[in-house]
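In what follows, a single structure is set out as structure tokens and then discussed.
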Amino acid sequence: MTGFVFNEKPIDIAAGDGVFLYDSDGTEYLDFGAAYACTPVGHCHPRVVKAVTDQTRDLLFVQASYPQTARTTAYEMLADVGTGDLDNVWLCNSGTEANEAAIKFARSATGREKIVATRNAFHGRTLGALAATWKPKYREPFEPLAGGVEFVDYGDAAAMAGAIDDDTAAVIVEPIQGEGGINPGGREFFQTIRVHTAQHGAAMIADEIQTGLGRTGSMWASERYEVVPDILTTAKGLASGLPMGATLCRDWIADGAGNHGSTFSGGPVVSAAAAATLRTIVDDDLPTHAADLGGYFLEELRQTLGEAVRAIRGEGLMIGVEVKRGANRVLRDLALDHGILALPAGRTVVRMLPPLVIEQQHVDRAVTALNEVLN
Ligand SMILES: *Cc1c(COP(=O)(O)O)cnc(C)c1O
């Protein structure tokens with residue numbers, strides 16, 4: 001279980017600043033993966049660093065049974081930026097925990113068992129979230145997982161409509177599949193889920209752990225599809241890389257949520273980081289920037305790469321380039337020859353999730369580098 005990206009030439013990361021990472025020799029890398037989408041406002045954003053530093057001086061931790069300013073502010077900010085009437089906020093420590101809570105809340109609130117998920121979905125690696133995750137490689141060594149999950153083809157609105165019935169507790173779905181290869185399911189698919197879950201009294205869970213926080217061009221991808229889910233989960237960049245996840249839900253879910261808890265729920269330091277991150281996203285209007293620059297990025301990629309690749313997909317600054325040879329070789333060449341760090345999504349997709357603060361010159365550099373690597 002080595003964790004290195006490139007075993008033959010491990011890059012040791014010593015520092016980060018904005019869109020750049022630096023190794024211990026001072027070599028600069030342009031971070032087009034945002035450390036797994038964990039740095040929407042860039043590495044070590046001064047506002048986040050200050051909020052965290054100030055908080056560490058006052059109080060590292062107190063549990064959630066006491067009101068505490070940083071935690072209260074994080075609750076308020078999340079309720080504020082949450083779409084529609086998702087005013088109830090549960091804080092935890094990762095994406096998988098946010099989804100685990102979502103599934104538990106939906107089962108408790110509906111008194112039902114069945115969960116509908118999608119093929120190629122990724123929702124996390126605890127036994128409940130993993131049960132809604134598709135890839136056999138992630139599942140099989142750990143079975144039996146939590147039961148009651150049914151899978152339908154992602155993007156197939158008719159199959160989805162057919163799978164939702166009066167026994168369904170919830171549908172859990174990514175607005176755009178991330179890990180699964182940057183697959184946009186489309187507005188109609190997403191809206192179909194909303195209509196049919198509402199008809200049958202089931203909860204719609206939007207897993208926005210990768211799509212959220214401005215990445216696809218609005219604060220939440222659900223907003224782009226004009227859908228308000230019953231439960232929305234977020235994590236990854238929420239606290240700029242400090243561990244935090246959140247489950248946002250409507251009153252009917254919160255009222256029936258049952259007994260759930262976590263010692264670290266909304267610790268003061270991560271809450272301070274989250275509030276500063278959210279404020280920066282809102283104040284700097286990073287969702288609009290992601291929409292504009294993402295549109296430019298997609299256009300440039302399509303014009304430049306053309307026949308050299310199988311497909312280019314994405315929305316905003318969540319972009320996948322499906323290549324003709326293995327993605328890992330492309331990623332290695334990008335990193336070692338061009339100083340650009342991106343991510344894989346499966347074997348053939350080069351995934352780009354840059355910090356939302358990137359500028360056009362950085363996008364141009366990435367497009368040129370990809371062109372050189374692929375041609
Ligand atoms: C990363 C991710 C998760 C899991 O989050 P962790 O913090 O790794 O547990 C769940 N869903 C989606 C869509 C993700 O991208």
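The values are calculated or read from the model by the stated rules, or taken from the named source; none is laboratory data. It should be emphasised that the depicted structure is a prediction, and the values quoted were computed from it without experimental measurement. Note: ideal-geometry Cβ built from the backbone for every residue, glycine included; neighbour counts use all protein chains shown.
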Residue under question is THR110, and the condition is that it be of a type in the set (S, T, N, Q), in the same structural domain as TRP252 (by TED's automatic domain parsing) and either at pLDDT below 95 or closer than 30 Å to VAL269 by Cβ (or both); does it hold? no
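When you go through TYR29, TYR36, TYR75 one by one, which is the residue that is surrounded by 13 or more Cβ atoms within 10 Å (Cβ to Cβ) and part of a strand (DSSP E or B)? Spell out how you get there, then give the answer.
Values: TYR36 fails: part of a strand (DSSP E or B); TYR75 fails: part of a strand (DSSP E or B).
Being surrounded by 13 or more Cβ atoms within 10 Å (Cβ to Cβ) and part of a strand (DSSP E or B) holds for just one of TYR29, TYR36, TYR75, which is TYR29.
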Boolean, ALA132 is at pLDDT 95 or above, within 18 Å of ALA235 (Cβ to Cβ), surrounded by 24 or more Cβ atoms within 10 Å (Cβ to Cβ) and within 11 Å of the ligand (Cβ to nearest atom): yes
Hits in the range 83-115 - residues which are within 16 Å of the ligand (Cβ to nearest atom) and among the aliphatic types (A, V, I, L, M): LEU91, ALA98, ALA101, ALA102, ILE103, ALA106, ILE115
Among the residues of the range 194-209, is any within 15 Å of the ligand (Cβ to nearest atom), among the acidic types (Asp, Glu), at pLDDT 95 or above and out of contact with any His (no Cβ under 6 Å at 6 or more places or on another chain)? yes
In the range 226-253, what residues are under 23 Å from ARG187 (Cα atoms) and either more than 16 Å from the ligand (Cβ to nearest atom) or surrounded by fewer than 24 Cβ atoms within 10 Å (Cβ to Cβ) (or both)? GLU226, VAL227, VAL228, ASP230, CYS249, ARG250
Among what's in the range 334-347 and is modelled with pLDDT of 95 or more and not aliphatic (A, V, I, L, M), pick the residue that is surrounded by the most Cβ atoms within 10 Å (Cβ to Cβ). PRO344
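Being in contact with a helix residue (DSSP H, G or I) (Cβ under 7 Å, 6 or more places away or on another chain) and without any contact (Cβ under 8 Å) to a residue 40 or more places away in the chain is the requirement here; does GLU300 meet it? Lay out the reasoning, then the answer.
Working: in contact with a helix residue (DSSP H, G or I) (Cβ under 7 Å, 6 or more places away or on another chain): yes; without any contact (Cβ under 8 Å) to a residue 40 or more places away in the chain: no.
No: the conditions fail for GLU300.
Looking only at the range 211-238, filter to residues that are in contact with a Phe, Trp or Tyr (Cβ under 6 Å, 6 or more places away or on another chain) and of a type outside the set (A, V, I, L, M, F, W, C); which one of those is nearest to GLU174 (Cα to Cα)? Don't jump to the end; show me each part of the working.
So the first thing to find is which residues in the range 211-238 are in contact with a Phe, Trp or Tyr (Cβ under 6 Å, 6 or more places away or on another chain), and the list is 212, 225, 227.
Imposing the further condition that a residue be of a type outside the set (A, V, I, L, M, F, W, C) reduces the set to 212, 225.
Details: GLY212: 10, TYR225: 12 Å.
Per the criteria, the residue is GLY212.
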Of the numbered conditions (1) over 18 Å from ALA37 (Cα atoms); (2) at pLDDT 95 or above, GLY258 fails exactly one; give the number of that condition. (2)
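Tell me the residue from PHE105, PHE122 that is modelled with pLDDT of 95 or more, in a loop (DSSP other than H, G, I, E, B), aromatic (Phe, Trp, Tyr) and surrounded by 17 or more Cβ atoms within 10 Å (Cβ to Cβ), please. Working first, answer last.
On the way: PHE105 fails: in a loop (DSSP other than H, G, I, E, B).
Sole residue among the options that is modelled with pLDDT of 95 or more, in a loop (DSSP other than H, G, I, E, B), aromatic (Phe, Trp, Tyr) and surrounded by 17 or more Cβ atoms within 10 Å (Cβ to Cβ): PHE122.
Any idea which of ARG215, ARG194, ARG187, ARG139 is of a type outside the set (A, V, I, L, M) and in contact (Cβ under 8 Å) with a residue 60 or more places away in the chain? Talk me through it step by step, then tell me what you get.
Details: ARG194 fails: in contact (Cβ under 8 Å) with a residue 60 or more places away in the chain; ARG187 fails: in contact (Cβ under 8 Å) with a residue 60 or more places away in the chain; ARG139 fails: in contact (Cβ under 8 Å) with a residue 60 or more places away in the chain.
After ruling out the rest, the residue left standing is ARG215.
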From the list ILE182, ILE172, exactly one residue is modelled with pLDDT of 95 or more, of a type in the set (A, V, I, L, M), at positive phi and out of contact with any Pro (no Cβ under 7 Å at 6 or more places or on another chain). Which is it? ILE182
Does GLY214 satisfy the criteria of being modelled with pLDDT under 95 and not assigned by TED's automatic domain parsing to the domain that holds ALA291? no
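Could you tell me whether any residue of the range 338-352 is without any contact (Cβ under 8 Å) to a residue 24 or more places away in the chain and over 15 Å from GLY214 (Cβ atoms)? Quick ask: steps written out before the conclusion?
Taking the range 338-352 first, the residues without any contact (Cβ under 8 Å) to a residue 24 or more places away in the chain are 344, 347.
Narrowing further to those that are over 15 Å from GLY214 (Cβ atoms): 344, 347.
The answer is yes; a qualifying residue exists.
What do you reckon, is LYS137 within 16 Å of the ligand (Cβ to nearest atom), surrounded by fewer than 23 Cβ atoms within 10 Å (Cβ to Cβ) and either more than 20 Å from the chain's Cα centre (by Cα) or assigned by TED's automatic domain parsing to the domain that holds LEU278 (or both)? Quick ask: steps written out before the conclusion?
Values: within 16 Å of the ligand (Cβ to nearest atom): yes; surrounded by fewer than 23 Cβ atoms within 10 Å (Cβ to Cβ): yes; either more than 20 Å from the chain's Cα centre (by Cα) or assigned by TED's automatic domain parsing to the domain that holds LEU278 (or both): yes.
For LYS137, the condition - within 16 Å of the ligand (Cβ to nearest atom), surrounded by fewer than 23 Cβ atoms within 10 Å (Cβ to Cβ) and either more than 20 Å from the chain's Cα centre (by Cα) or assigned by TED's automatic domain parsing to the domain that holds LEU278 (or both) - is met.
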Output the residues belonging to the range 40-65 that are outside any helix (DSSP H, G or I) and surrounded by 22 or more Cβ atoms within 10 Å (Cβ to Cβ). PRO40, VAL41, GLY42, HIS43, HIS45
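Is at least one residue of the range 239-260 among the polar types (S, T, N, Q) and assigned to a helix (DSSP H, G or I)? Walk me through it before giving the result.
Initially, the range 239-260 is screened for residues among the polar types (S, T, N, Q), giving 240, 247, 259.
Filter again for assigned to a helix (DSSP H, G or I), leaving none.
Looking through the range 239-260, none of the residues is among the polar types (S, T, N, Q) and assigned to a helix (DSSP H, G or I).
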